[in-house]
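S.K.: Got a structure for you, questions after.
The values are calculated or read from the model by the stated rules, or taken from the named source; none is laboratory data. Not measured: the values here are computed from a predicted model. Each accessible area value is taken on the protein alone, full model and side chains, heavy atoms only, with ligands, DNA and RNA left out. Shrake-Rupley method; radii C 1.70, N 1.55, O 1.52, S 1.80 Å.
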Amino acid sequence: MFQIIWIIIAGLIIGALARLVLRGRQSLPIWLTIVAGIIGALIGNVIASAVGVGHTGGVDWIRHILQIAVAAGAIVILQPIWRSARR
């Protein structure tokens, strides 16, 4: 149960940071931002492990940057889908 809560919190933080990185205004609801953050966290971890920087001795900056970048990409993809679904 706590793992699910941590996944949602991480998704919220990563999704919010991804929205800050992107220019302009995003019209995604908070739940879709969390979903984009969770997607970014999962895919970013896979990429970081494949590159060999998944776990380092200190703070995993490269892994976190990859997570935010993937979440930003997810937001860019989800934005027009959300807009067209609202019409």
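S.K.: Could you work out the helix-only [θ] at 222 nm for the chain, with each DSSP H run of four or more residues adding -39,500 (n - 2.57) and the total divided by the number of residues, to the nearest 500 deg cm²/dmol?
M.R.: So the calculated ellipticity at 222 nm is -27500 deg cm²/dmol.
S.K.: Ok, one more. Computing the accessible area with a 1.4 Å probe over protein heavy atoms, can you report the carbon and sulfur percentage for the chain? If you can, show how the numbers build up before the last one.
M.R.: Working: 4310 of 5940 Å².
Answer for the chain is 73 percent, counting heavy atoms of protein chains only.
S.K.: Find the all-direction average of the projected area of the Cα convex hull for the stretch 1-66, expressing the result in square nanometres with one decimal place. Walk me through the numbers on the way to the answer.
M.R.: Working: hull surface 20.1 nm².
Over every viewing direction, the Cα hull of the stretch 1-66 projects on average to 5.0 nm².
S.K.: Mind checking the per residue accessible area of the chain for me, 1.4 Å probe, whole number of Å²?
M.R.: Working: 5940 Å² over 87 residues.
Accessible surface, normalised per residue, equals 68 Å².
S.K.: Compute the long axis of helix 30-51 from its Cα atoms, compare it with the longest principal axis of the Cα atoms of the chain, and write down the angle in degrees, 0 to 90, nearest 10.
M.R.: 30 degrees
S.K.: Moving on to the next point. Using Cα atoms only, what is the angle between the long axis of helix 2-21 and the major principal axis of the chain, expressed in degrees (0 to 90) to the nearest 10?
M.R.: The answer is roughly 70 degrees.
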